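Below is one structure; the comments refer to it alone.
What follows draws every value from the coordinates through simple rules; no lab data is involved. Since the structure is predicted, the reported quantities are computational estimates derived from the model, not experimental observations. FYI the Cβ positions are ideal-geometry reconstructions off the backbone, even for glycines, and counts take in every protein chain you see.
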Amino acid sequence: MKGRLAVVLALALGVSTATAAGVPHGTSALRKFTYRGAGTNVVNIQTGELRELWKGRANPFGKITTHVAGWIERPTPRTLVVHASMVIVDPRGDVLIGACTGNGTVPLPDGAEEWSCQATGGTGKFQRSGGQWSLHIDIHRVSNQGVTQKNRFTEGGTGRLSWSARRRAKRR
């Protein structure tokens, strides 16, 4: 499990470093991006490993599914710091990848987090994406058994992204 976490972290850190140099040539202008979602996550209390899945709706893309993998640090018993890679899939199957960091309060039983994410690319129309977004998450603890904590959450985000507009074939 630690091996997989290391791969995710290397990917997130490596990709975010690559985009820090600037938005790649040929991307479209930054456009407004907003979303709302809800889902669940699992945190390994011993290692801090975080895994989550949520579904939501993004403007202008429609329904999205998102996977997040990363880790949580606990500087104090009530606070947390998050480092994660976010993978958003739109209805067409195009993937947007973001490197995210955030902080917040531990869900005892309720908590909240504030994240900021940097677009690091993806597939399809997001292949050369740039930009950033921020999000607010409300967390509600569902269970805490052994070293595993399960949570339910809602979130909303907004920011500015670039993506390639696909041209539709002309009908004759």
**OP:** Subtracting the Cα-Cα distance from 0.36 nm times the residue separation, let me have the gained length for THR65 to ARG92 in nm, one decimal.
**Re:** 8.6 nm
**OP:** Quote the FRET efficiency, to the nearest 0.05, computed for GLU73 versus ALA38 with a Förster distance R0 of 25 Å and r equal to the Cβ-Cβ distance.
**Re:** 0.50
**OP:** Sort ASP90, ASP138 so the one with the fewest other Cβ atoms within 10 Å of its own Cβ comes first.
**Re:** ASP138, ASP90
**OP:** Just order 31-40, 121-130 by mean Cβ neighbour count inside 10 Å, highest at the front, would you?
**Re:** 121-130, 31-40
Subject >> Set of aspartates and glutamates near LYS63 by C-alpha distance (under 18 Å), chain-local residues within fewer than 8 positions excluded >> reply: GLU52, ASP90, ASP94, GLU155
**OP:** Just rank LEU108, LEU50, LEU96, LEU30, fewest to most, by other beta-carbon atoms within 10 angstrom.
**Re:** LEU108, LEU30, LEU50, LEU96
Subject >> Stretchable slack from THR158 to ARG57, in nm (0.36 nm times residue separation minus alpha-carbon distance) >> reply: 35.2 nm
Original post:
For GLU52, GLU73, what ranking results if the residue with the fewest other Cβ atoms within 10 Å of its Cβ goes first?
Top reply: GLU73, GLU52
Subject >> Cα gyration tensor category, rounded, prolate or oblate, for region 69-159 with a/c compared to 1.5 >> reply: prolate
